[in-house]
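Scroll down for the structure; my scribbles are underneath it.
Read the figures in this text as sums done on the coordinates, not as results from a lab. Keep in mind the model is a prediction, meaning the values are calculated, not measured. Glycine also receives a Cβ, built like all others from the backbone with ideal geometry; neighbour counts cover every protein chain displayed.
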Amino acid sequence: MKVFGERLLELRKEKGVSQAALAKALGVSFAVVCYWETDRSEPTAPNLVKIADYFDVTTDFLLGRTDF
């Protein structure tokens with residue numbers, strides 16, 4: 001799921017949101033966001049949906065199944 005971490009980092013920077021602010025918005029810890037971005041951990045399905053909703057993208061985009 002290496003694509004996920006890269007895309008999450010890219011989306012977060014494009015939106016100008018800190019890891020701490022994203023963590024708070026998603027209801028997870030700062031460390032969890034850091035782990036996701038560095039591909040040390042993968043989000044659960046419910047968290048993947050929250051991330052997609054937050055950034056207004058599809059889960060397929062986050063998972064690298066599509067490029068748009």
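Listing for the model above:
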| quantity | calculated |
| --- | --- |
| Residue ID - surrounded by the fewest Cβ atoms within 10 Å (Cβ to Cβ), chosen from residues in segment 33-60 that are hydroxyl-bearing (Ser, Thr, Tyr) and farther than 16 Å from Ala20 by Cα | Thr44 |
| Residue list for segment 10-54, restricted to those being in contact (Cβ under 8 Å) with a residue 12 or more places away in the chain and of a type in the set (Ser, Thr, Tyr) | Thr38, Tyr54 |
| Selection status of Phe68, touching a residue at least 40 places away in the same chain (Cβ under 8 Å) and either exposed (fewer than 15 other Cβ atoms within 10 Å of the Cβ) or not in a loop (DSSP other than H, G, I, E, B) (or both) | no |
| Any hit, segment 15-32, residues being charged (D, E, K, R) and loosely packed, with under 12 Cβ neighbours inside 10 Å | no |
| Filter result for Val57 (of a type in the set (Val, Ile, Thr) and free of Cβ contacts under 8 Å to residues at least 40 places away in the same chain) | no |
| Residues that are part of a helix (DSSP H, G or I), of a type in the set (A, V, I, L, M, F, W, C) and over 11 Å from the mean Cα position of the chain (by Cα), drawn from segment 1-56 | Ala20, Ala21, Ala25, Phe30, Ala31, Ala45 |
